[in-house]
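Take a look at the structure below.
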Amino acid sequence: MKPRALLNKTYALLSGKFGPGNWWPIVKNGRPLYLPEYLTRERTPAEIFEIAVGAILTQNTSWGNVVLAIDNLKRAKVMSRKGISDTPLDTLAEMIKPSGYFNQKAKKLKALIYYIDTGLKGSLSRLREFPPDRARESLLSVWGVGKETADSILLYGLGMPVFVIDAYTRRIFSRMGAVDKDADYDAIRAYFEKHTGRDINLYREFHALVVAQGKDVCKNKPLCDACVLNKICPASGGENR
DNA sequence: CGCCAGGTTGTTG
DNA sequence: CAACAACATGGC
């Protein structure tokens, strides 16, 4: 199957099964909120900040654990540039403990704050003053911010057209025969950006669908019988079945 | 109990 | 430059 047809079909099938994801969630009263308005309005500076914090905390970590950590920060009034800045490293680490790797991630959050203060004059919104590729390279200069984290901030926070790739994307689309199983991050990203329309909300929804599919169906041990892609996926017994 | 989460960095051959 | 180790909690 040609790339454009494969991606279009895959999106349609996953969308039909899972529906809208309305990413990136904001945590309120200990629960993540997924609102349709996130796809139709610009994110506030406070939301962009929370997305950046969440993107760091969720590195190799389940979202449920991240919600616990974010809730701790919010209840302590620490979910802000100043809040994290004013909180001692050890205290911060204690607050984000549920998200795992807490010592390392506390340092990453501090590095993010240092970057916002010294490089962005106090707000991630300043990244809007750069073209996407420049904003990306700026974020990547921060210790603890890698490609997926940077791209999540750009796509979901700032509304820039970068496709987010993660471990699920690689697993699903290598099983589909679309990408090489050890293709590098930017090669997979280029594949998606080249063969889909340059549409922010498509990028957002597509990535959310990939995560849902990866979690529920296309697991380490795939549940091909329950998979809506099984007719077009070689791994389920071949294309056409 | 074992496995695995919406990765990134540092070290080693 | 690729492979591998370190980082760590919580849910199923």
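Each value in this text was obtained by applying a stated rule to the coordinates, not by laboratory testing. For clarity, every value in this text was computed on a predicted model and none was experimentally measured. Cβ: placed from backbone, ideal geometry, glycine included. Neighbour counts: every protein chain shown.
Among the conditions (1) in contact with a Lys or Arg (Cβ under 7 Å, 6 or more places away or on another chain); (2) under 21 Å from A:D166 (Cα atoms); (3) away from DNA strand C (no atom under 15 Å from the Cβ), the only one that A:I116 does not satisfy is (2).
Among the helices (runs of 4 or more DSSP H) contained in segment A:27-139, which hold 3 or more residues that are away from DNA strand B (no atom under 16 Å from the Cβ) and over 20 Å from the mean Cα position of the chain (by Cα)?
Values: elements: A:45-57, A:63-75, A:81-86, A:89-95, A:102-119.
Hits in segment A:27-139: A:63-75, A:81-86, A:89-95.
Of the residues in segment A:44-69, how many are charged (D, E, K, R) and under 14 Å from A:Q104 (Cβ atoms)? Break it down stepwise before answering.
Kept after step one, since they are charged (D, E, K, R), are these residues of segment A:44-69: A:47, A:50.
Within this subset, residues satisfying the condition of being under 14 Å from A:Q104 (Cβ atoms) are none.
Of the residues in segment A:44-69, 0 are charged (D, E, K, R) and under 14 Å from A:Q104 (Cβ atoms).
Only one of A:Y156, A:Y185 is under 26 Å from A:C233 (Cβ atoms), surrounded by 14 or more Cβ atoms within 10 Å (Cβ to Cβ), touching a helix residue (DSSP H, G or I) at 6+ places or on another chain (Cβ under 7 Å) and not β-branched (V, I, T); which?
Going through A:Y156, A:Y185 in turn, just one is under 26 Å from A:C233 (Cβ atoms), surrounded by 14 or more Cβ atoms within 10 Å (Cβ to Cβ), touching a helix residue (DSSP H, G or I) at 6+ places or on another chain (Cβ under 7 Å) and not β-branched (V, I, T): A:Y185.
Applying the selection to segment A:199-215, what residues are charged (D, E, K, R) and more than 13 Å from the chain's Cα centre (by Cα)? Steps first, answer last, please.
First, the residues of segment A:199-215 that are charged (D, E, K, R): A:199, A:204-205, A:215.
Residues satisfying the conditions are A:D199, A:K215.
I'm checking my understanding of the structure. Among residues of segment A:188-241 that are part of a loop (DSSP other than H, G, I, E, B), free of Cβ contacts under 8 Å to residues at least 24 places away in the same chain and in contact with a Cys (Cβ under 8 Å, 6 or more places away or on another chain), which one is surrounded by the fewest Cβ atoms within 10 Å (Cβ to Cβ)? Among residues in segment A:188-241 that are part of a loop (DSSP other than H, G, I, E, B), free of Cβ contacts under 8 Å to residues at least 24 places away in the same chain and in contact with a Cys (Cβ under 8 Å, 6 or more places away or on another chain), the one surrounded by the fewest Cβ atoms within 10 Å (Cβ to Cβ) is A:G237.
All conditions but one from (1) over 14 Å from A:D186 (Cα atoms); (2) in contact (Cβ under 8 Å) with a residue 40 or more places away in the chain apply to A:W143; the one that does not is (2).
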